[in-house]
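Visitor: Could you have a look at this structure, given as structure tokens, before my questions?
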Amino acid sequence: MKIELLETKHIQEATDLIATAFVQNEPLVSYIQVPLFSYKKICEEMVDRAIQQKMSWVAMKDDEIVAVILCRKAERPLIDKQTAIQICPPVAPILQLIADLEEKSAEFLQLPKENLIYFDMGACHPKWMGKGIMSAINMLISHALTLMAENQSNIITACTNKISNKLWTRQYQAIQLNEIVYDSFCYQDNYPFAGITSSTAAQLLYMPTAHIIEGLAKQKRRSHTRV
């Protein structure tokens, strides 16, 4: 398995992978049954803008993308909220939840944005699920974090599922800046995420450079122990 910088040649395959993985498996997108066709248009726009920022990566196996992560500068979103809603109206409550995570966190609003990198999305190919693919996701994250730590960057991410929460909190000692319980989130007098069982809440997580460096060192020590 090898790592490549996300480039124009990857647009279609990366878009298909992310859209399919989220529609099938991501707690919020799958629960409210966002249509694949329109959601794919959002993903294509995000992948295109991520390529321009040159901090997103793909894992390749046998000339096929098996995993992808989209990262960006905190002050440069990969898609405008209103544009995304125009393209795919069902995502409106998801985008509002993420906006609330950020806008209702005093700590986040006070963070310097110059060296803040946002981990936006990560996904793996459905057919590789259960075949060691998490190692590909972890490999991509480790690669990206190593480069970001070298540039003294800090990391922020909106975490919507238990698996990614476990990775960020256990491996990198992420600091929780905000949390929204799905059952209590109200959007236009409705509770669109009430009843989700795969995860119970979304968190806004922050990792300063020091935590990233320690997490990478911990991972390296574990790999040496296994050898």
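The numbers here are math on the coordinates, done by the rules we state, and not lab data. The shown structure was predicted, so the numbers you read here are calculated from the model rather than taken from an experiment. Every residue, glycine as well, gets a Cβ built from its backbone with ideal geometry; the counts of neighbours run over all protein chains shown.
Visitor: Find how much the distance from Lys220 to Gln176 grows on full extension, using 0.36 nm per residue of separation minus their present alpha carbon separation; answer in nm with one decimal.
Guide: That pair, Lys220 and Gln176, stretches by 13.4 nm at full extension.
Visitor: Between Gln53 and Gln152, with labels modelled 7 Å along Cα→Cβ, what's the label distance in nm to one decimal, could you check?
Guide: 2.1
Visitor: Please give the FRET efficiency for Asp62 paired with Glu107, using the beta carbon to beta carbon distance and R0 = 45 Å, rounded to the nearest 0.05.
Guide: Computed FRET efficiency for Asp62 and Glu107: 0.55.
Visitor: Right, here's the next one. Modelling each spin label as a point 7 Å along the Cα-to-Cβ direction, I'd like the Ala194/Met1 distance in nm, to one decimal.
Guide: Using points 7 Å along Cα→Cβ, the separation is 4.0 nm.
Visitor: Ok, one more. Report the FRET efficiency, 1/(1 + (r/R0)^6), for Cys186 and Gln12, where r is their Cβ-Cβ distance and R0 is 41 Å, rounded to 0.05.
Guide: Working: r = 37 Å, r/R0 = 0.91.
After rounding, the FRET efficiency stands at 0.65.
Visitor: Let me ask another. Mind checking region 87-130 for GluC sites (Glu not before Pro) that DSSP puts in a loop (not H, G, I, E or B) and that have at most 13 other Cβ atoms within 10 Å?
Guide: Glu114
Visitor: Which of the three applies to region 2-226, rounded, prolate or oblate, going by the alpha-carbon gyration tensor with a ≥ b ≥ c and a/c under 1.5 meaning rounded?
Guide: Rounded is the answer for region 2-226, as its axis ratio a/c remains below 1.5.
Visitor: Once you've got the Cα coordinates, tell me which of Lys9/Lys73; Lys41/Lys81; Lys9/Lys127; Lys9/Lys61; Lys41/Lys162 are over 25 Å apart.
Guide: Lys41/Lys162
Visitor: Gain in length, Lys162 to Glu75, computed as 0.36 nm per residue apart minus the alpha-carbon separation, to one decimal in nm? Could the numbers behind the result be given before it?
Guide: On the way: separation 87, 0.36 × 87 = 31.32 nm, distance 2.63 nm.
Result for the pair: 28.7 nm of gain on full extension.
Visitor: So how much slack lies between Ile213 and Lys127, counting 0.36 nm per residue of separation and subtracting their Cα-Cα distance, in nm?
Guide: Result for the pair: 27.7 nm of gain on full extension.
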